[in-house]
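The values are calculated or read from the model by the stated rules, or taken from the named source; none is laboratory data. Keep in mind the model is a prediction, meaning the values are calculated, not measured. Here the Cβ is made from the backbone with ideal geometry for all residues, glycine too, and neighbour counts use every protein chain on show. With ligands, DNA and RNA removed, areas are computed over all heavy atoms of the protein, side chains included. Shrake-Rupley method; radii C 1.70, N 1.55, O 1.52, S 1.80 Å.
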Amino acid sequence: MMNKDILYIWLNDIKGVGIAIVNKLVNYFGKIENIYKSTYNDLVEVDGIVPKIANNIIENKELEQSKNNI
């Protein structure tokens with residue numbers, strides 16, 4: 001199981017992702033873990049998630065920096 005705190009830090013650290021985007025993603029996917037596991041195609045299905053933000057999420061799945069920020 002993934003640490004939810006680390007995943008929230010990871011998501012908030014991605015360029016172009018703010019609280020409104022986080023809320024849309026959590027509402028759509030149900031759990032932060034599902035956002036992390038999502039594909040580009042999954043992400044662009046979400047209203048308000050443009051290709052650039054979807055790419056930023058997909059290309060930034062390294063969690064080490066987020067772990068260091070706890």
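Within the same chain, aspartates and glutamates fewer than 8 places from Lys4 are excluded, and of the rest, those with a Cα less than 13 Å from its Cα are Glu33.
Rounded, prolate or oblate, given the Cα gyration tensor of the chain, with a/c below 1.5 counting as rounded? In terms of gyration-tensor shape, prolate. Approximating the spin labels as points 7 Å out from Cα along Cα→Cβ, the Val26-to-Met2 distance works out to 1.4 nm. Dividing the summed -39500 (n - 2.57) terms of all DSSP H runs of n ≥ 4 by the residue count of the chain sets its mean residue ellipticity at 222 nm at -16500 deg cm²/dmol.
Charge dipole of the chain (Cα centre as origin; +1 on each Lys and Arg Cβ, -1 on each Asp and Glu Cβ, all else neutral): 80 debye, rounded to the nearest 20.
Of the accessible area of region 1-49, computed with a 1.4 Å probe over protein heavy atoms only, carbon and sulfur atoms account for 49 percent.
Protein heavy-atom accessible surface, 1.4 Å probe, per residue over the chain: 63 Å².
Placing pseudo-labels 7 Å out from each Cα toward the beta carbon at Thr39 and Lys15 gives an inter-label distance of 2.6 nm.
Residues of the chain were split at every exposed loop site, defined as trypsin sites (Lys or Arg not before Pro) in a DSSP loop with at most 15 other C-beta atoms within 10 angstrom, and the longest piece left, sites excluded, is 32-60. Short-range pairs are left out: with C-alpha atoms under 8 Å and at least six residues apart, the relative contact order of the chain is 44 percent.
For the chain, the longest piece that avoids every one of the GluC sites (Glu not before Pro) found in DSSP loops with at most 14 other C-beta atoms within 10 Å covers 1-44.
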